[in-house]
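Here the structure is laid out as structure tokens; the discussion comes afterwards.
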Amino acid sequence: MTNRAQSSNIGLVLLLALTITGAGVVVAFGSSALADVQDQTSTDRAEHAMTMLDARTAVVGLGEGSVQTVRLGRGDGDYAVESESGWLRIDHANYTDGETEEIYNASLGSVTYRRGGTTVAYQGGGVWRQQAGGTSMVSPPEFHYRGTTLTLPVLRVRSTDAASGDTTATIRRSGELVRVFPNESDTYDATSEPYVNPVRNGTASVTVHSQYYEGWADYFRTRTTGNVSVDDDNRTATVVLETTSLVGSFPFPAKGESVPVRGISEGHSVNDFEISVKKDDGTFNNLYVSFYVEEGDRAYEAVVEVPSGIGNKYCSEGPDGEVLTMDVYYDDQSTAEGVHRWTNDSIPVGSGPVRLDCADDDTVIKVDFTGSGQNLTYGSSSVDDETAIDWDERNESATEKPDPTTFAHTGDDGEDTTYNYGDEQTLRILTRHYFAMFGPEFKLTVDHGPGDRGTTQIDSSGSGGVLRYDTIEGGAYITYLHVTENNVTVELD
């Protein structure tokens, strides 16, 4: 009996011990879970409050109101307003001769909520959440990229403050909106040209230095296909956008130099391509002028030749029945088709899209590559002098009757069309078709001759051209840049 009673007492003690231990474990885990829930609830509430702050700050900063208030809530964390946290810089690199212009560089400031290891922050018109695992975006910043246009109103916080507990934020405008770009009163250092659209040459980049740089980088990647990079040591995120280059008038390049074509859209996108080449003190007799492209397996050249005896006397004696010669060539070595050759060796010298003209009694070659009034014939070539590209070398059977070729940009300029030997087509269609075989970037290079004397026969300062084409919508290109500085103050009560 005694042993049985002792066993009963021991079992009771063990049961009580297990019950107490289990209750302690439940309380411990329950308290931890409750704390996690409270932290998450507080953070979620702060995210909602910061999103409201973001919207109200945009109203004030972008000029739609002068004062706004937001109740941030009763969270257990701490709120802070800082004026010098983070910065944003905009650079225009290689806008001329390798020069880089710093268009803008200023601090962003921020409004933050911190609880434990979590931070929710408003900065640059966006809301960011930072935890041990990194940074994520709660709402996007004021960075709007559409087509080839970047609109960037830089929202800056220009005050400092701190609070905890039940907090209300009052947002006020600080000064007037500042136009950064375009801004005709500000100029590039190296060229003294004003800050105007379209943005030409080189690249435009936006760099953000921030505690939340990883979130900025992720946003740049999703919003553009520009070149996005991060510098972890310096906590920066950068997006680089290519300009769409010379859409419009351009100075005539020196021999061997190029007109850069960037961001040209697919298909028959060239709308206007014209050149005017003026004679200098040298000879214009037997001169040829060409534009050519070499990109991988593909090559193109359009060349105009002025016959001997007319280039120097045209302005004093008139056309007198003389003619010009023009060839257009194209080849894709990845195909077996061979070189496309188009020619016209009887172009009237005094009229039409390809002609001679006069300026200050000097002869001028004028070519409208997108003019529809000039025909060329498929199958052979007529230019006598050496061109920029050795087309015979690219096609050993160039003297033979060529095979038919098909232009297959379906729906563009009446294509799909097949051409046989002796068929004609306009210079406009040929230009638009062959330009469509390259892109979205290539170099349109200038050549003239014969020989090295070509550099003394052309007055580069009196020559030039126009090139206009449809550009890619979206992606990694920029044509128009709109930047403003918008300052606000935030007071915490």
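Please treat every number below as a calculation from the coordinates, not as lab data. Computed from a predicted structure; not experimentally measured. Quick reminder, even Gly has a Cβ in these numbers, built from the backbone with ideal geometry, and neighbours come from all protein chains shown.
Computed values, structure above
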{"item": "Alpha-carbon gyration tensor eigenvalues x 5, square-rooted, for the stretch 272-344, Å", "result": "31, 13, 10"}
{"item": "Over the chain, relative contact order from alpha-carbon pairs under 8 Å, at least 6 apart, %", "result": "21"}
{"item": "All lysines inside 22 Å of LYS313 as judged from Cα atoms, apart from same-chain residues fewer than 8 positions distant", "result": "LYS278, LYS279, LYS366"}
{"item": "Nearest-ten-degree value, helix 213-223 long axis tilted from longest Cα axis of the chain", "result": "50"}
{"item": "Relative contact order of the stretch 248-469, defined on C-alpha pairs under 8 angstrom at six or more residues apart (%)", "result": "37"}
{"item": "Å³ per residue enclosed by the Cα convex hull of the stretch 248-469", "result": "113"}
{"item": "TYR122, TYR480, TYR300 arranged by Cβ crowding within 10 Å, fewest neighbours leading", "result": "TYR480, TYR300, TYR122"}
{"item": "Theoretical FRET efficiency, 1/(1+(r/R0)^6), r = Cβ-Cβ of GLU64 and ARG146, R0 22 Å, to 0.05", "result": "0.60"}
{"item": "Length gained when the stretch VAL323-SER308 is fully extended (0.36 nm per residue, less Cα-Cα span)", "result": "4.3 nm"}
{"item": "Euclidean distance between Cα centres, the stretch 241-295 to the stretch 178-238, Å", "result": "28"}
{"item": "Structure-based [θ]222 nm, the chain - -39500 (n - 2.57) summed over DSSP H runs of at least 4, per residue, nearest 500", "result": "-6000 deg cm²/dmol"}
{"item": "Förster radius 56 Å - calculated FRET efficiency between ARG74 and SER258, Cβ distance, rounded to 0.05", "result": "0.30"}
{"item": "Centre separation in Å (Cα based) which lies between the stretch 356-397 and the stretch 129-154", "result": "50"}
{"item": "Order of ILE171, ILE90 under a 10 Å beta carbon neighbour criterion, fewest first", "result": "ILE90, ILE171"}
